[in-house]
Amino acid sequence: MNIPEIVSQLTQEEKASLCSGGDFWHTKAIERLGIPAMMMCDGPHGLRKQNLVSDNMGINDSIPAVCFPAGCATASSFDRALVRQMGEALGNECQAEDVGVILGPAVNIKRSPLCGRNFEYYSEDPYVASQMASSFIQGVQSQNVGTSIKHFYANNQEHRRMSSSSELDERTAREIYLSAFETAIREAKPWTVMCSYNRINGVYAAENRWALTDVLRGEWGFDGFVVSDWGAVNDRVPDLEAGMDLEMPASGGFRDEEIITAVRVGRMPEAVLDQAVTRILTIVDRYLCGRNPKAVFDREKDHALAREIAGQCMVLLKNEDQVLPLKRTQKAAFIGAFAEKPRYQGGGSSHINSFKVESALEMAKGCCVTYAKGFAAESELVDEALLAEAVEAAAEADVAVVFAGLPDSFESEGFDRKHMELPLCQNVLISAVAKANPNTVVVLHNGAPVEMPWISEVKGILETYLCGQAVGGAVIDVLYGEVNPSGHLAETFPRALRETPSYISFQGEGDRVEYREGVFVGYRYYATKKIPVLFPFGHGLSYTTFAFSNLRTNQVVYHRGDRVEVSVDVTNTGDRYGKEVVQLYIMPQIETDAILRPVLELRGFEKIGLKSGETKTVHFTLDRRAFSSYNIQRQKWMAERGDYIIACGDSSENLPMQQTVHIEGDLPIPKCITMDTTFGDVLRIPGAANLVTPFAAVFGATNESADENAMGESTAEMMEAMMQYMPIRGLISFGGGTVTTRQCEELIQKLNVLAEAAEQKYES
Ligand code: BGC
């Protein structure tokens, strides 16, 4: 398509009409100019293509498709290549079904374990979320099919999701909530971005010019179109002006008129409309040029891939006395309704019409397995008969495997969980089974962490999350050791809801949700506050063991522009092949009060496979941003000058390898010196001491008086300590008339010149 040419031939009406859907899932076609309609479909972990009745809540049917593991599970794989492979398969499915854009990945941060949609999201950590999203996008788009990274942004709860306002400061936004999108958008270049329903600091996401234009396009270089979440448009003209190009679904055309009127009366320049149309047509053209009519949706092949991926996602949380893997000859009692009918996906717009689903029970053929239902999947109440039957089965077996998890009614798009508990009947069952059989293993099917009152009663816990339609086969693979588990948690499993960082402020007051925990989300909070958890972020066991050694960096002191190269050796010290997730965290050791930072933050991970006895070296490269936090006052990323520990290990709580490096970074120099700036801050400016010393006498801090004072302390030291919080105007108050306002102003002027020079020197 010659897009500028086409845009020049379109009438105003046609242009306005192109800015909203032709129906629930398609962009508009304009036949006279050869513009086709392009279909968009959910996403993110399977194809939800609706041919007949459409909806955005997964209520009506869609074509039979393959349900891959959901985001909660794929993130636990920590495996970029695997997620990319899943993206490739989905891209191919889209080609076969003539779908131009798949609506995913979903990268919103898990601010609280309660968010009903956490099962779709990747992580509580923006680095993991963005890395997974990049791989997914690269995979899908390698098939010439677009993605829609969603929901942009600060959409972290389902409660009042279409009206609530997420209130957060820019640093929290930049470091946590925007950061989950940033790398994926910069590196993997999704064709589209979906803006969220909610407001951000009072402004609807669809209307948020700062986010949609300044940051997304201006800073990150996004060049596709922004689509509204289905129904996220509030006021069409300001939305368009903010950078929200395509309204979905079709709005019956009445909003087109709002656009036309705005252009006609001169309220909105036509260029704004042309820009949105150009962006939309650019992607439609990309879709058209990339069509692959030969693509075939091979459901069995993709099912096999879904099984392989599922096996790499599951997290072995506990394995006392090596109760796992099981032997095929061992008599195992499979207990719990999910053994027969697994819960493998969540409710809402991501709901897939699976062409087949495999349960653990049917996939356990050839193993010595008995089955007892134990509980009714959708009930909370204890069924005494089912319980008794389960206890009996457990008592007669060598090992009892309880298939537990959350029912559909507990977690879904559209509402949040109210608590973190499993249904009562399941907690009672697990304890009863564990009493009857000392070798009890719990296999969990849930989209988010649950409390585990029985944790010390069972020997093994395998977290399968919502692992897709092939979960049954994959569970058997892992339970019986065909696949060595290698998933690690991409979120913390807290002990109790009341200990979570956003416990008090999660859903907010009415439509106002303050993100009061700031950047202290997930492990950033638990680690900083030293709160014990059930299982830490990054945790995951294997049937083999690994040892870390020989952490080294290329230098010890780093200047601007230097990259920190880190290597660490990892050895498989066990007796079988396994995969390890090698994690790298930075731990700032800086003692200024300029910025409150979490004690540790993940900055790198690699998943590697090792044969028994094998050693591999893992490399990481850290740029300056890895050491930085976002300075609101200066509106930029800054790495504070000082020491940082580089720590490597296999979870946020197990970091055996540590080395300190020194970053010759920024001093937290105050941006603008005023009468209120304290001497402590002033003295951070190189050279400021010379200007300030002549005034020190005002506070009695001279060398001559540095004897002993009434309290027996060294006066000079005390004065220095006290002066650090003294504002410059203190010279007037305490100078007994020796320092004038004019002198203070002159000092301030000189200090500002010095600060400016220091900044420029650093920038150059
Ligand atoms: C969801 C989106 C989804 C869209 C279309 C919305 O309700 O928030 O994630 O892509 O519906 O189904």
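All of (1) under 30 Å from Ile35 (Cα atoms); (2) outside any helix (DSSP H, G or I); (3) more than 16 Å from the ligand (Cβ to nearest atom); (4) aliphatic (A, V, I, L, M) hold for Leu114 with one exception: (1).
Residues are listed down the side, and each one gets a yes or a no for (1) open to solvent by 20 Å² or more (accessible area, probe 1.4 Å); (2) among the small types (Gly, Ala, Ser); (3) in contact (Cβ under 8 Å) with a residue 60 or more places away in the chain:
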{"position": "Arg524", "(1), (2), (3)": "no, no, yes"}
{"position": "Thr528", "(1), (2), (3)": "yes, no, yes"}
{"position": "Gln555", "(1), (2), (3)": "yes, no, yes"}
{"position": "Asn572", "(1), (2), (3)": "no, no, no"}
{"position": "Glu580", "(1), (2), (3)": "no, no, yes"}
{"position": "Ile586", "(1), (2), (3)": "no, no, yes"}
{"position": "Ile608", "(1), (2), (3)": "yes, no, no"}
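Highlighted here are the strands (runs of 3 or more DSSP E) found entirely within the range 588-692 that include at least 3 residues which are modelled with pLDDT of 90 or more and closer than 21 Å to Asn550 by Cβ: 601-610, 615-622, 642-649, 657-663. Taking the residues in the range 380-399 that are within 26 Å of His419 (Cβ to Cβ) and outside any helix (DSSP H, G or I) as candidates, determine which candidate is most open to solvent (accessible area, probe 1.4 Å). Ranking the candidates gives Leu381 first. Scanning the range 313-329 for any residue that is open to solvent by 60 Å² or more (accessible area, probe 1.4 Å), hydrophobic (A, V, I, L, M, F, W, C), within 27 Å of Glu88 (Cβ to Cβ) and in a loop (DSSP other than H, G, I, E, B) turns up nothing. Would you be able to say whether some residue in the range 173-183 is open to solvent by 30 Å² or more (accessible area, probe 1.4 Å) and within 19 Å of the chain's Cα centre (by Cα)? For the range 173-183, residues open to solvent by 30 Å² or more (accessible area, probe 1.4 Å) and within 19 Å of the chain's Cα centre (by Cα): present. Within the range 37-65, which residues are away from the ligand (no atom under 16 Å from the Cβ) and in contact with a Leu (Cβ under 6 Å, 6 or more places away or on another chain)? Correct list: empty.
Can you pull out every residue in the range 98-109 that is within 16 Å of the ligand (Cβ to nearest atom) and not small (Gly, Ala, Ser)? If the condition is that a residue be within 16 Å of the ligand (Cβ to nearest atom) and not small (Gly, Ala, Ser), then Val99, Val101, Ile102, Leu103, Pro105, Val107, Asn108, Ile109 are the ones that fit.
Restricting Ala276, Ala262 to residues that are of a type outside the set (Lys, Arg), in contact with a strand residue (DSSP E or B) (Cβ under 8 Å, 6 or more places away or on another chain) and surrounded by 20 or more Cβ atoms within 10 Å (Cβ to Cβ) narrows the list to Ala276.
If you go through the range 66-88 and keep only what is assigned to a helix (DSSP H, G or I), more than 16 Å from the ligand (Cβ to nearest atom) and crowded, with 24+ Cβ neighbours inside 10 Å, you end up with Ala73, Thr74, Ala75, Ser76, Ser77, Val83, Met86, Gly87. Pairs meeting the criteria (first residue in the range 97-124 and in contact (Cβ under 8 Å) with a residue 12 or more places away in the chain, second residue within 12 Å of the ligand (Cβ to nearest atom) and among the basic types (Lys, Arg), beta carbons under 7 Å, at least 6 apart or on different chains) are Glu97/Lys49; Val99/Lys49; Leu103/Lys150; Gly104/Lys150; Ala106/Lys150. Restricting to the range 231-253, and then to whatever is assigned to a helix (DSSP H, G or I) and among the hydrophobic types (A, V, I, L, M, F, W, C), can you tell me which residue is farthest from the chain's Cα centre (by Cα)? The selected residue is Val237.
Could you run through the range 202-230 and say how many residues are open to solvent by 40 Å² or more (accessible area, probe 1.4 Å) and assigned to a helix (DSSP H, G or I)? The qualifying residues number 6. Consider Ile59 carefully, then state whether it is surrounded by fewer than 19 Cβ atoms within 10 Å (Cβ to Cβ) and assigned to a loop (DSSP other than H, G, I, E, B). Yes: the conditions hold for Ile59. Which pairs do you get when a residue that is within 19 Å of Asp256 (Cα to Cα), found in the range 24-49, comes within reach of a residue that is in a strand (DSSP E or B), reach meaning Cβ atoms under 6 angstrom, with the pair 6+ apart or on two chains? So the pair list comes out as Trp25/Met39; Trp25/Met40; His26/Met39; Ala29/Ile35; Ala37/His26.
The condition of being surrounded by fewer than 23 Cβ atoms within 10 Å (Cβ to Cβ), in contact (Cβ under 8 Å) with a residue 60 or more places away in the chain and aromatic (Phe, Trp, Tyr) holds for only one of Tyr465, Tyr503, that being Tyr503. Within the range 174-203, residues that are in the same structural domain as Asp235 (by TED's automatic domain parsing) and within 16 Å of the ligand (Cβ to nearest atom) sit with their Cβ atoms under 8 Å from residues that are among the aromatic types (Phe, Trp, Tyr) and in a helix (DSSP H, G or I), at 6+ positions apart or across chains, in these pairs: Val193/Phe181. Tell me the residue from Ser148, Ser134, Ser77, Ser54 that is of a type in the set (Ser, Thr, Tyr) and touching an Asp or Glu at 6+ places or on another chain (Cβ under 6 Å), please. Checking each option against the conditions leaves just Ser134. Selection of first residues in the range 220-237 that are more than 24 Å from Glu182 (Cα to Cα) and of second residues that are within 15 Å of the ligand (Cβ to nearest atom) and part of a strand (DSSP E or B), restricted to Cβ pairs under 6 Å at least 6 apart or on distinct chains, gives the following pairs, ordered by first then second residue: Asn234/Tyr204.
The values are calculated or read from the model by the stated rules, or taken from the named source; none is laboratory data. In this text, all values refer to a predicted model and were calculated from it rather than measured experimentally. Glycine gets a Cβ as well: all are built from the backbone with ideal geometry, and neighbour counts include every protein chain shown. All accessible areas refer to the heavy atoms of the entire protein, side chains included, with ligands and DNA or RNA removed. Shrake-Rupley method; radii C 1.70, N 1.55, O 1.52, S 1.80 Å.
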